[in-house]
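Notes to accompany the following structure.
The values are calculated or read from the model by the stated rules, or taken from the named source; none is laboratory data. A quick note: this is a predicted structure, and the numbers were derived from the prediction, not measured. With ideal geometry, Cβ positions are generated from the backbone for all residues, glycine too; neighbour counts draw on all protein chains shown.
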Amino acid sequence: KPVTTDMKTLTEEIGKFAQDKKIEIDTLKIREEYRKDFLGNVSHELKTPLFTVQGYILTLLDGAIKDKKVRDKYLERANKGVERLIYIVKDLDLITKLESGNLNLQQEEFDIIELVQNVFDLLEMRAAKMEISLTFDMDYEPIFVVGDKEKIQQVLTNLLVNSIKYGHKNGTTEVSIENLVQNKIIVRVTDNGEGIPKQHIPRLFERFYRVDQSGSRKEGGSGLGLSIVKHIIEAHGEKIYVESEEDVGSEFSFTLEKTSNNEEISIEESKLV
Ligand code: ADP
């Protein structure tokens with residue numbers, strides 16, 4: 001009888017060993033697929049702007065360089081292409097760091113109201129060009145939060161740039177901030193732009209994922225914007241949400257933690273009353 005038990009244990013152990021090995025191999029296969037997929041996407045993303053830049057340079061070399069007007073125009077466009085490449089490479093660098101967990105957050109206390117204002121100032125021209133107005137539905141009382149200011153600025157920038165890119169002419173993007181329970185706030189970026197068809201919503205935050213896969217894309221963008229946003233928010237231990245309806249608009253929102261400074265202020269205020 002004990003022999004049978006031993007045999008049974010042995011068989012179970014061999015089975016478990018084989019299962020573990022299989023899982024290990026499956027994990028390796030998934031990783032390999034992931035790596036191939038990533039590299040495939042990267043080269044695809046880089047190819048378009050590279051060929052564009054090369055096109056302008058070849059045309060210049062072909063003689064267009066002699067005509068000052070044409071030369072300036074083509075140099076300008078080639079430079080735009082290079083700028084786009086720089087954006088993509090920067091985003092790739094950031095996403096690689098975020099995905100490998102190699103990004104140290106520089107946590108500090110900052111006023112989120114001021115940060116929104118700064119991002120609005122930086123994007124004012126771009127929004128005006130697309131005839132989109134940026135509005136901030138807030139009092140100008142500071143709200144102190146804790147987080148990596150630069151990274152949260154990137155989150156706001158990516159969300160606002162998207163609302164401009166996918167917005168309609170004469171549209172509006174509004175930022176608002178609300179208190180949540182447990183010392184949290186929620187920052188909402190709401191637009192009345194083209195919206196996102198339902199079936200795409202679950203995949204929006206995947207890197208390189210786009211609703212319009214046709215390649216006839218809106219200016220700029222690396223297809224990495226939203227995945228960067230999600231990584232940054234999750235690295236802070238916070239949450240990101242999206243609600244959207246085609247032809248109506250989109251709302252992206254994320255949570256942040258307030259610092260105790262706000263409480264002190266509100267306690268003191270209430271003592272005064
Ligand atoms: P991209 O560089 O393509 O803008 P993102 O990761 O920032 O990449 O966004 C992924 C996709 O999500 C976009 O291609 C677009 O289809 C959709 N999207 C993002 N934000 C909005 C928005 N505010 N309104 C409509 N569609 C949006």
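Applying the selection to the range 132-146, what residues are out of contact with any helix residue (DSSP H, G or I) (no Cβ under 8 Å at 6 or more places or on another chain) and within 16 Å of the ligand (Cβ to nearest atom)?
Hit for the range 132-146 is 135, nothing else.
Hey, among the residues in the range 65-85 that are among the aliphatic types (A, V, I, L, M) and crowded, with 16+ Cβ neighbours inside 10 Å, which one's nearest to residue 222 (Cα to Cα)?
Taking the candidates together, the pick is 85.
Restricting attention to the range 190-215, which residues are aliphatic (A, V, I, L, M) and either within 6 Å of the ligand (Cβ to nearest atom) or under 30 Å from residue 259 (Cα atoms) (or both)?
Across the range 190-215, the qualifying residues are 196, 204, 211.
Restrict the check to the range 48-55 and report whether at least one residue is in a helix (DSSP H, G or I) and under 22 Å from the mean Cα position of the chain (by Cα).
Scanning the range 48-55, I find at least one residue that is in a helix (DSSP H, G or I) and under 22 Å from the mean Cα position of the chain (by Cα), so the answer is yes.
Can you name every residue in the range 51-83 that is closer than 29 Å to residue 224 by Cβ, in contact with a helix residue (DSSP H, G or I) (Cβ under 7 Å, 6 or more places away or on another chain) and not polar (S, T, N, Q)?
53, 56, 57, 74, 77, 78, 81, 82
Within the range 147-189, how many residues are within 16 Å of the ligand (Cβ to nearest atom), assigned to a strand (DSSP E or B) and either small (Gly, Ala, Ser) or surrounded by fewer than 19 Cβ atoms within 10 Å (Cβ to Cβ) (or both)?
Final tally of qualifying residues: 4.
All but one of (1) within 16 Å of the ligand (Cβ to nearest atom); (2) part of a helix (DSSP H, G or I); (3) surrounded by fewer than 19 Cβ atoms within 10 Å (Cβ to Cβ) hold for residue 88, so report the exception by its number.
Every condition holds for residue 88 apart from (3).
Under 9 Å between Cβ atoms, at least 6 apart or on separate chains: pull out the pairs that start in the range 66-82 with a residue that is touching a residue at least 24 places away in the same chain (Cβ under 8 Å) and more than 10 Å from residue 56 (Cα to Cα) and end on any residue that is surrounded by 15 or more Cβ atoms within 10 Å (Cβ to Cβ) and polar (S, T, N, Q).
Note: no pairs meet the criteria.
Scan the range 1-56 residue by residue and report those that are in contact with a Phe, Trp or Tyr (Cβ under 8 Å, 6 or more places away or on another chain) and either among the small types (Gly, Ala, Ser) or within 30 Å of residue 71 (Cβ to Cβ) (or both).
45, 56
What are the pairs, 6+ residues apart or on separate chains, where a residue within the range 88-105 that is under 14 Å from residue 230 (Cβ atoms) has its Cβ under 6 Å from a residue that is hydroxyl-bearing (Ser, Thr, Tyr)?
91/222
What number of residues within the range 96-122 satisfy the criterion of being modelled with pLDDT of 90 or more and either in a helix (DSSP H, G or I) or farther than 30 Å from residue 177 by Cβ (or both)?
11
Mind checking whether some residue in the range 196-203 is under 17 Å from residue 243 (Cβ atoms), assigned to a loop (DSSP other than H, G, I, E, B) and not charged (D, E, K, R)?
Checked against the condition, which is being under 17 Å from residue 243 (Cβ atoms), assigned to a loop (DSSP other than H, G, I, E, B) and not charged (D, E, K, R), the range 196-203 yields at least one hit.
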